[in-house]
Structure formats: C-alpha cells, structure tokens
Amino acid sequence: MPKVWIEKILNEPELYLLRVDDDEVKYFEATWEIPEGITYNAYLLKLDNSVVLFDTWKKDYTEEFIDALSKLVDPKEITHIIVHHTEPDHSGSIPKVLELNGYKAQLIGTSFGKRILEAFYGSKVVENFYAIKDGEEMKIDGKTFRFITVPWLHWPDTMITYITEDGLMFSCDVGGGYSIPNGIDDSNEKVVQKYLPYVTKYIVTVIGHYHKHIIQNIEKLKKLGIIEETKMILPGHGLIWIKNPKRIVEYYEAVVAGIPKKGKILVIYDSMYGFVESAVKIALDELKKHGYNPVVYKFTDKEAPAVSDILGEVPDSEALIIGASTYEGSIHPRVKYVLYDIVDKTNYNKPVLVLGAYGWGGVVGKEIRKILEKSKFDLVDTIEVKGSTTKDDENKISEGIKKLLERLK
Ligand code: FEO
C-alpha cells in the first residue's frame, strides 16, 4: 500500500497537502525507469464559504485519494477544482471527485486543458469548466487567484495559480522532481540534498525536450514579479519549497543551463566483447592521471543501466566520452538510443570525445559525428580502433583525452 500524507501546511488560509507516494511505478510515462518512485501532490484550500481543490492524483490511486480528501471535506462541499495540467498523473481522480461532488464544482483551467480533459474523460466532466485567459485574476472568497499559463511545462495546457495575498504558487509539474522524499518540504537540508539529483533526472526526462520553454516561462514569472514575491512553491511532485522557494527556481535554471561540476566527466559506452571497453579503459586511466572524476555507465552482456539515470548525469558534467561498437553498419542500438535522448533532452554545448571499435569496417565514428553535428555538443574527435587496441591506438586515445581536457580550460 502506498503511503498517504494529509498535512496541514497553513492555518490561515487553511491549506492542506494531499500526497501519495507511488512506490509501485517502475517506468514513468511507460519509459523512464524510476526505482526511486514519485509522489503526486494535490492541495486543498478551505476558505469561509469556498473549498478549492488543486489537482488530484493518478487514476490508480483514486480510491486512496477520495479517502484522504474525505478526511478533510465532504466532496459535495468542493466549490472549485483548479486543473493546472491534464496529464493523468494529476487529473486521474477528477472524474470520481466530480461524481461524488454532484458535478457542482467549477473546474478552472486553460482552454487547451478543457479539450484534453474532455478527450480523456468525456464531456460531462467539462460541463462546468471555466477557461481562463493568461494573467486573468479571479476573486474567490476574498482571495485573488491569478492564473498564468506556462505552456509546455509540461504540456501546452499547463498553467500555474498564484494567490497574491498569501504569496502561494501552485506550480504542478514546474518545480517538481522524482523520488519519495522523507519529508514534505525543504526544511531539512539532508532531505533536500538527497532529493535534488532526482529533480535533475525529472527535468531532463520529462520536460528536457521543452527546455527552451523552461527558460521562457521562468522569465515570464520573473517579469510578473511572482518569483520575487512568492512565499511558497507547491508543486505536483516532490517537496514543497517554503524555507527558500527561489532555490528550486534557481536549480531549474542551473539544470537548463548545464552548469558543470568541476572534474565530472560522463563516460557512456557499450562493449559486446571487450574491445570498446579496452579503449575506454585507456581513456579512463588518462582522465584519472589528470585528476578528473569519470562517472561511468556501460552496456555489456551483464548490465544495462537505466537511460533515465544516464540523462540525469548530463547537465552537471563538464564533458562526455561516448564509446560505441559498430553494429550492423551503424551505432550499437543501446548507445544509439542514449545518444538520441541526450541530443533531444540534454542538448548542451559540452565537449564530446567518441571512441569506436569495429571488426571489419569502421562506421560508428562517422554515424555519431552526423548526430552530434546537428546538436550543440562540441565534437572534439572520433577515434576508432580495429579489434584490440594497439600501442598506436593507445597514443591516439591519450591525445584525444588531452584535446578534450584542453577544451575545459
Ligand atoms: Fe506530472 Fe506532466 O505530469
């Protein structure tokens, strides 16, 4: 059974977190391996004459959601449901809430959100839907709700809600991360430190493809003065930011900018029969000689790391080394897939050295070059070895590493 949290966050206004810790999910979006799990956060605001629900949980946890919600309020009393984003990890329990509510509550979201919600759950769900305009303000029971669209964070439907009197920003996917933190907010630094790498992994896998929109939307919120004023960021996943709400915004900016950690070189390779591995080993020894700290992920006949974990390592790496076998006249399929996602989701101007190996014809260097030339990555060199590495190969690889490290000065 997943753990459920029902936590009072504020007395005035009366605000609650409803969180479920999904430790059953294995592949988020049926793609990203997350053994660390994820949380779905919804919020409930009880005002004098209104009850506002902000998002819900994934459909699989509808029963648990209704149980948790009913401990705070009779669903019939909910007057407004704010739908920040219609992806079913947040909208999945809306149909059941509405059914128990007697369809009296007003749904508030974007017009795009309305269309998606209808497509997912049918027309009855959107009978009482109010589509906001970007920047629109609405008074609910004396509070000013400001709705701001943040398209492509994570879908075109997405918006945030800012309650101006209290500085509360309900941000859904924005400011979220994977894993199940042992706490609800940023008050414990140890919890935050453990959580942040999962925020990086979440950013690159879920919204990395839309990285330009992360920058644009943060800029938009800054211009509106919301980042400066906000007292609390309440995301749809992971920790709530109360002690230092700007910290999560700055963290998102650093990930998108690819700010490197000194000395970290990411090494990714496949090795079917050890030939690529022996070339990579020369590179690793050379890196260590120069005081660098390689972080290594390898695909062999005994192991296959999670692509989501590899992607999470790219933003703070100084440089990358890609090792790949030639496979059926192309790049080894595992490395090809990783490369595709790296270029799509973590497209940074960072130096890359490619090490290839082949039996009867070298192709992999040329193929990887074609992919990287279309990206922001700075391809330093491609070095290919035929079978076992020779003394001459060793020298070429050492020189390649020196060239790579030169780029970091
Ligand atoms: Fe957490 Fe894009 O849904």
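The values are calculated or read from the model by the stated rules, or taken from the named source; none is laboratory data. Owing to the predicted nature of the structure, the values given are computational and were not obtained by experimental measurement. Here Cβ is always computed from backbone atoms with ideal geometry, including for glycine, and neighbour counts include all displayed protein chains. Note: accessible area is taken over every heavy atom of the protein model, side chains too, but ligands, DNA and RNA are not part of it. Shrake-Rupley method; radii C 1.70, N 1.55, O 1.52, S 1.80 Å.
Would you kindly compute the Cα radius of gyration of segment 264-406 and its largest Cα-Cα separation (Dmax), both in Å?
Radius of gyration, then largest Cα-Cα span, for segment 264-406: 13.5, 37 Å.
Tell me which of Ala304, Ile132, Met232 sits at the most positive position along the dipole axis of the chain, charges placed on C-beta atoms (Lys, Arg +1; Asp, Glu -1).
Sorting the options by dipole projection puts first Ala304.
Considering only segment 264-406, what is the antiparallel percent among its DSSP beta bridges, to the nearest 5?
Numbers: 2 of 28 bridges.
Within segment 264-406, antiparallel bridges account for around 5 percent of the total.
At a Förster radius of 30 Å, what calculated FRET efficiency corresponds to the Cβ-Cβ distance of Glu394 and Glu303, to the nearest 0.05?
E between Glu394 and Glu303, to the nearest 0.05, is 0.75.
Within the P(r) computed for segment 70-224, what percentage of the Cα pairs occupies the region above 25 Å?
Percentage above 25 Å: 37.
Starting from the coordinates of the alpha-carbon atoms of segment 363-409, obtain the Kirkwood hydrodynamic radius over all distinct pairs and give the value in Å to one decimal.
Value: 11.9 Å, from the Cα pair sum.
Using a 1.4 Å probe on the protein heavy atoms, what percent of the accessible area of the chain belongs to carbon and sulfur?
C and S fraction of accessible area: 50 percent.
Take the Cα of Val73, step 7 Å along the line toward its Cβ, and report every residue of segment 225-263 whose backbone nitrogen sits under 18 Å from that point.
Those under the cut-off are 234-236.
Starting at the first residue of segment 294-301, write each ³J(HN,Hα) from the Karplus equation 6.51 cos²θ - 1.76 cosθ + 1.60 with θ = phi - 60°, in whole Hz, x for Gly and Pro.
Running phi through 6.51 cos²θ - 1.76 cosθ + 1.60 with θ = phi - 60° gives x, 10, 10, 10, 10, 9, 9, 7 Hz.
If you place +1 on the Cβ of every Lys and Arg and -1 on the Cβ of every Asp and Glu, how big does the dipole about the Cα centre of segment 264-406 come out, in debye to the nearest 20?
140
Out of Leu53, Phe112, Ile265, whose Cα points farthest toward the positive end of the dipole of the chain (charges: +1 Lys, Arg; -1 Asp, Glu; placed on Cβ)?
Ile265
How long, wide and thick is the chain, going by the Cα atoms along their three principal axes, in whole angstroms, largest first?
80, 38, 35
Based on the mean of other Cβ atoms within 10 Å per residue, sort peptides 84-90, 339-345 so the most packed one is first.
Result, highest mean first: 84-90, 339-345.
Just the number, please: Stokes-Einstein D of segment 221-345 in µm²/s, Kirkwood Rh from C-alpha pairs, 4 °C, 1.567 mPa s. Walk me through the numbers on the way to the answer.
Working: Rh = 17.0 Å.
The Stokes-Einstein estimate is 76 µm²/s.
For segment 1-96, which GluC sites (Glu not before Pro) pass both filters: DSSP loop (anything but H, G, I, E, B) and at most 13 other C-beta atoms within 10 Å?
Glu24, Glu29
List the residues, sorted by chain then number, that are 5 or more residues from His332 or on another chain and whose placed amide H is less than 5 Å from its amide H.
Placed amide hydrogens put Ser325, Tyr327 under 5 Å from His332.
Within segment 260-308, report the chymotrypsin sites (Phe, Trp or Tyr not before Pro) that DSSP leaves as loop and that have at most 14 other Cβ atoms within 10 Å. Please list the in-between numbers first.
Values: sites: Tyr269, Tyr273, Phe275, Tyr292, Tyr297, Phe299; in loops: Tyr273, Tyr292.
Within segment 260-308, the qualifying chymotrypsin sites (Phe, Trp or Tyr not before Pro) (loop, at most 14 other Cβ atoms within 10 Å) are Tyr273.
Check Ala319: other-chain or 5+ apart residues with amide H under 5 Å from its amide H, H built from backbone geometry?
Leu266
Out of segment 185-250, which trypsin sites (Lys or Arg not before Pro) are coil in DSSP terms and have no more than 15 other C-beta atoms within 10 Å?
Values: sites: Lys190, Lys194, Lys201, Lys212, Lys220, Lys222, Lys223, Lys231, Lys243, Lys246, Arg247; in loops: Lys231, Lys243.
Answer in residue order: Lys231, Lys243.
Which net charge results when you count Lys and Arg as +1 and Asp and Glu as -1 among the other residues whose beta-carbon is under 10 Å from that of Glu29?
Net charge in that neighbourhood comes out at -2.
Using amide H atoms built 1.01 Å from N in the peptide plane, name the residues 5+ places from Thr39, or on other chains, whose amide H lies under 5 Å from its own.
Here Asp22, Ser179, Gly238 satisfy the definition.
Antiparallel as a % of all DSSP beta bridges within the chain, to the nearest 5?
45
Keeping all protein chains in place, calculate the accessible area per residue for segment 4-257 (probe 1.4 angstrom), answer in Å².
Counting only protein heavy atoms, the per-residue value for segment 4-257 is 40 Å².
Tell me the per residue accessible area of segment 264-406 using a 1.4 Å probe; a whole number in Å² is fine.
So segment 264-406 comes to 44 Å² accessible per residue, rounded to a whole number.
Taking segment 201-269 as the region of interest, what is the percent of Cα-Cα pairs per 10 angstrom bin, listed from the shortest bin to the one with the maximum distance?
Using 10 Å bins, I get a P(r) of 17, 45, 29, 8, 1 for segment 201-269.
Would you calculate, for the chain, the mean residue ellipticity at 222 nm contributed by helices, counting each DSSP H stretch of 4 or more residues as -39,500 (n - 2.57) and dividing by all residues, to the nearest 500?
Taken over the chain, the calculation gives -10000 deg cm²/dmol.
Mind scanning Lys302/Lys396; Lys114/Lys243; Lys26/Lys96; Lys366/Lys396; Lys261/Lys281 and naming the pairs with a C-alpha gap bigger than 27 Å?
Over 27 Å apart, Cα to Cα: Lys302/Lys396; Lys114/Lys243.
Over segment 210-351, what is the mean sequence separation of C-alpha contacts under 8 Å (at least six apart), divided by residue count, expressed as relative contact order in percent? Mind showing how you got there, number by number?
Values: 170 pairs, mean separation 36.5, N = 142.
The normalised contact order for segment 210-351 reaches 26 percent.
When only Cα pairs under 8 Å and 6 or more residues apart are kept, what is the percent relative contact order across the chain?
11
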